Amino acid sequence: MPGAQDAQGAPETPEIGAFAVDARDGRVGRVMGSVGPYVQLRAPGGGAEWDCPPDLVRAAPPGLELRARVTEINREGRLPR
């Protein structure tokens, strides 16, 4: 199933807050924003953001997105209130 593309046929970068896949290594992260030419992603369990070239960021497929959401929910449940 092909992903969304811009007018030139390049894949569109997922919007801020969406889950995406870094095509270089398959890591899934939430899109946090962009700095310079890079898209910043953060793992669903938290941690440091990493930079990914926008042409290598893909929207996460439904199964990976669900897994990432569950990871976030589980992490939130373990945090002290």
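Throughout, read-outs are computed from the coordinates displayed, never taken from laboratory work. The structure displayed is predicted, hence computed values, not measured ones. Every residue, glycine as well, gets a Cβ built from its backbone with ideal geometry; the counts of neighbours run over all protein chains shown.
Things to note:
- Extension gain from V35 to E76, taking 0.36 nm per residue of separation minus the Cα-Cα distance: 12.1 nm
- Kirkwood Rh in Å, taken over all unlike Cα pairs in region 22-78: 11.7
- Spin-label zone in region 11-49 - amide nitrogen under 19 Å from a point set 7 Å from the Cα of R67 along the C-beta vector: 18-31, 41-47
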